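Engineer: Below: one structure in structure tokens.
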Amino acid sequence: MINPMQQVVIATRKRDSDAVIAALQNAGVLHLKPITGGPLNTGTLAGPDAQSRREDERLLARVESTTAELGSYRPAPAPLPAEDSWADLIEQAAVPVAALARARQELQADLDAEATYGDAVRALSRLAGGLDRSRRVATVPFLLQPTDNVAELEAALNETLRDRHALATETVGQNRVGLIATLTGDRDAARAALGRVRLGELRLPGRFDRLSLSEAAEQMEQIARSGEARQRELNAERDRLAQAHAPVLYAIRDVLKDRVAVHDVRAVAARGKYSLALQGYVPEDRAAALKAALAPFGDAVSYELHAVDEHHDALVPVELKNNGYVRPFQVVMGLMSPPKYGSFDPTWVVALFFPLFFGIIIADIAYGLMFLAFGLWLLGKARRNEGWDLSFMGAYIPPATLRDLGFVTNVMAAWTIVWGFLTGEFFGTLLEHVHFFYINPELLDRLWGWTGLTFPVDPYKAKEGYYEGFLPIVFPRLETEYFSNVALVFALLFGILQVLWGWAIRIQQGIKHKDSVHTWEGIALFGGVGALVLLAFISRAAKDFGALSNFADPRVWLMFLGFAAFIVGWLRVIKHFPLLPIELLSQGGAVVSYARIFAVGLVSAILAKLCTDLGWSLYESLGFLGLLLGLLVGVILHFFVLALTLIGHILQPIRLHMVEFLNPTGFNTETSPRYNPLRRLSPTQGQVK
């Protein structure tokens, strides 16, 4: 749910403003909103305030660039040094850190150049045989693809230079390198000959371009021998500098951020010669904290709290407040902007259906156990207050986020295991091969016979014991010959539910906000989508249009009622939405989009089945050796299949919620800023954070 907000206006004497702002920072509950217009000054600071802000921002930029170059995350806290020493302490760290950063950058450039060009340069140096050092002879290196014809280049050189050149090539890896030696005055002619046969001179990057081939080869050889050791030395030096300077730098940085925040508060406030006024928002359940922070100032501070008018107040911040199960799924909602204040918070819907859809798609006990192990690993790191350093992606996940991700992963794993039992899948069909899971036609007839299906019994399979085992499969999605339609309709039912639900929310929000346009738009599309769904069911997917005239069927009356609602609603909003019939067809497509749950899940199951069946066939063909080989092949294939398809299995359920479900609600067209209260980063005086 969206946490209710109250609007607050605060006025104080200018001489008390620093203390009041500090108290608001300590309380950490007020989300500020800029004051614009009016007789008091607003916006950019001037005079001594502006000078103080520039100096604080300069020091803050310097300390932040230094901590970024150190590459360290927040270390153990350190006492804050005296203010008059901050500039010197920052420079004492910034100068060696900047020099080290340049050295690391240059070394990394050298390592990249050696990895890319090292073998080619060494081969070219051998071909040159020292001629590259001569003042009279020019050498022109180039690269050859396997399909390039050296004879064409030789002909072009003979045409221009006749016998005043030499050409040599050598194979390096998958390609070849070549070298043209000619008189210094003929260098441009040799380059022109290369151009005529669609080849180009090899130019080395950076400082190597100024060196001869022999010198470049020597330098790259030295880099290959000692570059990694030098890189370790520089990294160790960076760690040493981080240990020496990072704690103090972070302490100074936090105080500077707090001071810059004070300047920001003044910039968004209304300022008079003797007074300062602030406005913002505070959650209802934290209004007491705001009052307690301002109480010590007595009559020196005047403030007023009143309820937010969600129909007219603009830029009201949003804070989501959900129960213990739903709250971790706010990390999934973090991929989107917050909902409009006073509208619908879909987090609980995502918490209910996202892991369910994921479980239906994967539906494999073994995969579910793997996800469960990963989720427990994430929770273990969070319990130890450890983050996850994903430096190869330039990211760091703090412990609080890991806790939420671990919980979400475990819920996804639980649904995956549950659906794995229903589909009878464990690494695909592994447990079917050992007759732990099996197909029971009689049971399936009792479960699904109401759909009109009769599950056939294959005499050959019956003879082979295919219909015998320990646990029967109740959702046999791999039996595509006779169960695909049921599985497909089952997936589409979620689409019918969520798309209609989305338009029902649109109607409810329109009524709540007294917005007749959106109300009638919702009525039109709720009725129209419902009518299309009934049309498909009554006509049995366009196989029996005669059933549409059977008025003894109440579904027919509901269908016509839905189309009538669409026509009436469209006529009420035709000025705003003249193309609503096209949108109706689009919403019908949104329902069909939920077939992804069936299609993506079936592909996942078939791939897992193929991996296991291949390994099992090796066991049946080669005995014990085949068992070992089959296990190895099966594990490798399952790993690659899961790695290649996992992102899609996660993104598809997210997409269904973010697009098909939330578009009708208006979630994606209106948003509000996130609740971001004024907070203190540095410890209060006498404390260490």
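The values are calculated or read from the model by the stated rules, or taken from the named source; none is laboratory data. What you are looking at is a predicted structure, and each value in this text was computed from that prediction instead of being measured. We place every Cβ from the backbone using ideal geometry, glycine too, and count neighbours over all the protein chains shown. Protein only, heavy atoms only, side chains kept; ligands, DNA and RNA dropped before computing areas. Shrake-Rupley method; radii C 1.70, N 1.55, O 1.52, S 1.80 Å.
Engineer: Say we look at segment 627-645 and pick out the residues that are closer than 30 Å to Val489 by Cα and among the aliphatic types (A, V, I, L, M); which of these is most open to solvent (accessible area, probe 1.4 Å)?
Structural biologist: Leu644
Engineer: So Ala599 passes all but one of these: (1) under 31 Å from the mean Cα position of the chain (by Cα); (2) buried (at least 17 other Cβ atoms within 10 Å of the Cβ). Which condition number does it fail?
Structural biologist: Only one criterion is unmet by Ala599, namely (2).
Engineer: Restricting attention to segment 316-324, does a residue exist that is crowded, with 19+ Cβ neighbours inside 10 Å, of a type in the set (Asp, Glu) and touching a strand residue (DSSP E or B) at 6+ places or on another chain (Cβ under 9 Å)?
Structural biologist: Within segment 316-324, one or more residues are crowded, with 19+ Cβ neighbours inside 10 Å, of a type in the set (Asp, Glu) and touching a strand residue (DSSP E or B) at 6+ places or on another chain (Cβ under 9 Å).
Engineer: Still on this model: Evaluate the following for Phe624: is it of a type in the set (Phe, Trp, Tyr), closer than 19 Å to Phe371 by Cα and open to solvent by 90 Å² or more (accessible area, probe 1.4 Å)?
Structural biologist: Here the answer is no, as Phe624 does not meet what is asked.
Engineer: Follow-up question, since we're still on this one. When segment 542-566 is examined, which residues are found to be without any contact (Cβ under 8 Å) to a residue 12 or more places away in the chain and either crowded, with 17+ Cβ neighbours inside 10 Å or in a helix (DSSP H, G or I) (or both)?
Structural biologist: Within segment 542-566, Phe545, Gly546, Ala547, Ser549, Pro554, Trp557 qualify.
Engineer: Return the residues of segment 1-18 that are open to solvent by 50 Å² or more (accessible area, probe 1.4 Å) and either part of a helix (DSSP H, G or I) or without any contact (Cβ under 8 Å) to a residue 24 or more places away in the chain (or both); say none if nothing qualifies.
Structural biologist: Hits for segment 1-18 are Lys14, Arg15, Asp18.
Engineer: Something else: Here is a check on your reading of the model: is Ser85 loosely packed, with under 13 Cβ neighbours inside 10 Å and either among the small types (Gly, Ala, Ser) or touching a Leu at 6+ places or on another chain (Cβ under 7 Å) (or both)?
Structural biologist: yes
Engineer: Before we move on, is Gly615 surrounded by 13 or more Cβ atoms within 10 Å (Cβ to Cβ), modelled with pLDDT of 80 or more, in contact with a helix residue (DSSP H, G or I) (Cβ under 6 Å, 6 or more places away or on another chain) and assigned to a helix (DSSP H, G or I)?
Structural biologist: Criteria met by Gly615.
Engineer: I've got another one for you. Give me the residue from segment 234-269 that is of a type in the set (D, E, K, R) and open to solvent by 50 Å² or more (accessible area, probe 1.4 Å) and, out of that set, farthest from Asp18 (Cα to Cα).
Structural biologist: Glu237
Engineer: Name the residues in segment 136-160 that are surrounded by fewer than 18 Cβ atoms within 10 Å (Cβ to Cβ), aliphatic (A, V, I, L, M) and farther than 19 Å from Ala120 by Cα, would you?
Structural biologist: Those that are surrounded by fewer than 18 Cβ atoms within 10 Å (Cβ to Cβ), aliphatic (A, V, I, L, M) and farther than 19 Å from Ala120 by Cα: Val137, Ala151, Ala155.
Engineer: Scanning segment 365-414 for residues that are of a type in the set (Ser, Thr, Tyr) and modelled with pLDDT under 90, which turns out surrounded by the fewest Cβ atoms within 10 Å (Cβ to Cβ)?
Structural biologist: Ser391
Engineer: Select, from Asp188, Asp209, the only residue that is surrounded by fewer than 18 Cβ atoms within 10 Å (Cβ to Cβ), closer than 30 Å to Glu228 by Cα and among the acidic types (Asp, Glu).
Structural biologist: Asp209
Engineer: Here's a check for you: in segment 299-349, which residue that is of a type in the set (Gly, Ala, Ser) and touching a residue at least 60 places away in the same chain (Cβ under 8 Å) is nearest to Gln509 (Cα to Cα)?
Structural biologist: Result: Ser343.
Engineer: Does segment 229-250 contain at least one residue that is in a helix (DSSP H, G or I) and either under 18 Å from Leu143 (Cβ atoms) or in contact with an Asp or Glu (Cβ under 6 Å, 6 or more places away or on another chain) (or both)?
Structural biologist: no
Engineer: Moving on. Quick check on this structure: which one of Arg58, Arg62, Arg53 is basic (Lys, Arg), at pLDDT 75 or above, in a helix (DSSP H, G or I) and closer than 19 Å to Leu241 by Cβ?
Structural biologist: Arg62
Engineer: A follow-up question, please. Between a first residue in segment 80-95 that is touching a residue at least 60 places away in the same chain (Cβ under 8 Å) and a second residue that is surrounded by 18 or more Cβ atoms within 10 Å (Cβ to Cβ) and outside any helix (DSSP H, G or I), which pairs have beta carbons less than 8 Å apart while being 6 or more apart in sequence or on different chains?
Structural biologist: Leu80/Ser682
Engineer: Still on this structure, please answer the following. Report, by residue number, each residue of segment 395-431 that is small (Gly, Ala, Ser) and in a loop (DSSP other than H, G, I, E, B).
Structural biologist: Residues satisfying the conditions are Gly424, Gly428.
Engineer: Run down Arg679, Arg655 and say which single residue is open to solvent by 80 Å² or more (accessible area, probe 1.4 Å) and part of a loop (DSSP other than H, G, I, E, B).
Structural biologist: Answer to the check: Arg679.
Engineer: Hey, could you check segment 296-312 for residues that are in contact with a strand residue (DSSP E or B) (Cβ under 8 Å, 6 or more places away or on another chain) and more than 18 Å from Asn3 (Cβ to Cβ) and say which is surrounded by the most Cβ atoms within 10 Å (Cβ to Cβ)?
Structural biologist: Across segment 296-312, the extreme among qualifying residues is Val301.
Engineer: Mind counting the residues in segment 232-247 that are in contact with a helix residue (DSSP H, G or I) (Cβ under 7 Å, 6 or more places away or on another chain) and modelled with pLDDT of 90 or more?
Structural biologist: Matching residues across segment 232-247 total 2.
Engineer: Okay, next question. Would you point out the residue of segment 475-505, among those that are open to solvent by 50 Å² or more (accessible area, probe 1.4 Å) and of a type in the set (Phe, Trp, Tyr), that is farthest from Trp520 (Cα to Cα)?
Structural biologist: The extreme case among them is Phe490.
Engineer: Within segment 531-541, restricting attention to residues that are open to solvent by less than 20 Å² (accessible area, probe 1.4 Å) and in a helix (DSSP H, G or I), which residue is modelled with the highest pLDDT?
Structural biologist: Out of the qualifying residues, it is Ala531.
Engineer: Being charged (D, E, K, R) and touching a Phe, Trp or Tyr at 6+ places or on another chain (Cβ under 9 Å) is the filter here; which residues of segment 69-113 pass it?
Structural biologist: Arg74, Asp110
Engineer: Now for a different question. Scanning for something assigned to a helix (DSSP H, G or I) and either of a type in the set (S, T, N, Q) or loosely packed, with under 15 Cβ neighbours inside 10 Å (or both), does segment 665-675 turn up at least one residue?
Structural biologist: For segment 665-675, residues assigned to a helix (DSSP H, G or I) and either of a type in the set (S, T, N, Q) or loosely packed, with under 15 Cβ neighbours inside 10 Å (or both): present.
Engineer: Six or more apart or on different chains, Cβ atoms under 6 Å: show the pairs whose first residue is in segment 427-450 and surrounded by 21 or more Cβ atoms within 10 Å (Cβ to Cβ) and whose second is among the aromatic types (Phe, Trp, Tyr).
Structural biologist: If the second residue must be among the aromatic types (Phe, Trp, Tyr), the pairs left are Leu431/Phe437; Ile439/Tyr467; Leu444/Phe455.
Engineer: Taking interchain pairs and intrachain pairs at least six residues apart, which have beta carbon atoms under 7 angstrom, with the first residue in segment 632-653 and in contact (Cβ under 8 Å) with a residue 60 or more places away in the chain and the second basic (Lys, Arg)?
Structural biologist: Close Cβ pairs satisfying both conditions: Gln652/Arg596.
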